[in-house]
Amino acid sequence: MKVGILGSGEVGQALGRGFASRGHDVKIASRTPKSDALAKWQTQAKGKTSTGTFAETAKHGEVLVLATLGSAVEEVLRLAGPPNMAGKVLIDVTNPLDFSQGPNPGLFIGPNDSLGERVQRRVPEAKVVKCFNTVSNTQMVDPKFAGGNPEMMICGDDAAAKKTVAGILKEFGWPGTIDIGGIEGARWLEATVPLWVLVGSQIGRWDHAFKVVHG
Ligand SMILES: NC(=O)c1ccc[n+]([C@@H]2O[C@H](COP(=O)([O-])OP(=O)(O)OC[C@H]3O[C@@H](n4cnc5c(N)ncnc54)[C@H](OP(=O)(O)O)[C@@H]3O)[C@@H](O)[C@H]2O)c1
């Protein structure tokens, strides 16, 4: 599969490595695609990789991943070009975190809207699936949780797109998915992230996740 990763931070690099290691043809996007950091990422990633602008990367991918700073999402979608994303699965990993009040973030969208919904409205012809935003980049591929791996919670409006994402999760080593419904579920997946930060501060580590358990 050709995969376009819109974002070159920790998340973009981790997911890019994951897709490349599974034999996919990965292009990763940045405003500075010829940077030393991305050249280093390419030498470390195993498999077929390339770098490009946001538009080149959106064109390349049959499946796209949105992994940019939450406040930069609108600008990145503009740079990527909505026509380049039409008809494609767009995995949205972003969070609308607001650090203006200190190290414990709030959200700059919500509670009756979300970044996931904003992305879907901005690119109505893409099939947006919210996924991976509730876990650390270090656990996105080949997750290893001491208490047993949780199922990944996802949401989105397109059933076939969610099936594609469930397949990717399986390839990456997740035991399964919990589909919480339409893209409006992103309100609540995004809302768990400030809680995730508070919990991380208390336990002193950043590779944790919330797990659904039942009797
Ligand atoms: N870090 C994690 O473990 C984690 C886990 C779950 C979810 N998330 C979410 O995933 C997203 C990515 O996180 P991250 O930690 O990998 O990196 P990040 O620092 O939040 O974002 C880096 C990316 O954002 C782009 N960017 C920043 N400002 C921009 C602007 N003004 N215009 C255009 N692009 C801009 C950068 O572009 P350039 O490449 O051009 O610099 C880069 O590709 C965030 O929304 C975060 O909340 C992160």
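The values are calculated or read from the model by the stated rules, or taken from the named source; none is laboratory data. Since the model is a prediction, treat every value here as computed from it, not as a measurement. Using ideal geometry, Cβ is built from the backbone for each residue, glycine included, and neighbour counts are taken over all protein chains shown. Side chains included, ligands, DNA and RNA excluded: accessible areas come from the protein's heavy atoms. Shrake-Rupley method; radii C 1.70, N 1.55, O 1.52, S 1.80 Å.
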Quiz item: Before we move on, is ALA86 over 19 Å from ALA166 (Cα atoms) and more than 9 Å from the ligand (Cβ to nearest atom)?
Solution: yes
Quiz item: Checking GLY102 against (1) on the phi > 0 side of the Ramachandran plot; (2) of a type outside the set (S, T, N, Q); (3) in contact with a helix residue (DSSP H, G or I) (Cβ under 9 Å, 6 or more places away or on another chain), which test does it fail?
Solution: (3)
Practice problem: May I ask you to list the residues in the range 95-151 that are without any contact (Cβ under 8 Å) to a residue 24 or more places away in the chain and open to solvent by less than 40 Å² (accessible area, probe 1.4 Å)? | Solution: GLY102
Exercise. Could you grab me the full set of residues in the range 152-187 that are touching a Gly at 6+ places or on another chain (Cβ under 9 Å) and open to solvent by 70 Å² or more (accessible area, probe 1.4 Å)?
Key: ASP157, LYS170, GLU171, PRO175, ASP179, GLU184
Quiz item: Given THR57, THR68, THR51, which one is farther than 25 Å from ARG121 by Cβ and touching a residue at least 24 places away in the same chain (Cβ under 8 Å)?
Solution: THR51
Quiz prompt | Tabulated pairs, the range 161-180, first without any contact (Cβ under 8 Å) to a residue 24 or more places away in the chain, second open to solvent by 40 Å² or more (accessible area, probe 1.4 Å), C-beta under 7 angstrom, 6+ apart or interchain | solution = ALA166/THR177
Practice problem: Please state which one of VAL128, VAL123, VAL65 is closer than 17 Å to GLU10 by Cα and within 18 Å of the chain's Cα centre (by Cα). | Solution: VAL65
Quiz item: If ASP207 satisfies every condition in (1) within 13 Å of the ligand (Cβ to nearest atom); (2) of a type in the set (D, E, K, R); (3) assigned to a helix (DSSP H, G or I) but one, which is the exception?
Solution: (3)
Quiz item: Among the helices (runs of 4 or more DSSP H) confined wholly to the range 82-177, which include 2 or more residues that are closer than 28 Å to LEU198 by Cβ?
Solution: 115-122, 159-171
